[in-house]
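First the structure, in the form of structure tokens, and then the observations on it.
Derivation of every value follows stated rules applied to the coordinates shown; laboratory data play no part. Predicted, not measured: the structure shown is a model, and the values here were computed from it. Note that each Cβ is placed from the backbone with ideal geometry, even for glycine, and that neighbours are counted across all protein chains shown.
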Amino acid sequence: SAWLYAFLHDGLKFPLNYQRLRSASLINNNDVQWTLGAILYRTRFFPLKSVFF
């Protein structure tokens, strides 16, 4: 959860009081729980300089 907090607020600049972000487990009756794992897997290829500096 600390990684997600840092990613959203420090990386993507979401305000701390942003309340419209929702996670989904189904889209059109299709399971989408794999997406968080896929995002985490793909972001490991981003150079830290381009994300945080």
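Obtain the nm distance between the two label points defined at residue 13 and residue 44 by a simple spin-label model: each point lies 7 Å from its Cα along the Cα-to-C-beta direction.
Inter-label distance under the simple model: 2.9 nm.
For the stretch 4-41, which chymotrypsin sites (Phe, Trp or Tyr not before Pro) are in a loop by DSSP, counting at most 16 other Cβ atoms within 10 Å?
When the chymotrypsin sites (Phe, Trp or Tyr not before Pro) of the stretch 4-41 are filtered for loop state and at most 16 Cβ neighbours within 10 Å, 18 remain.
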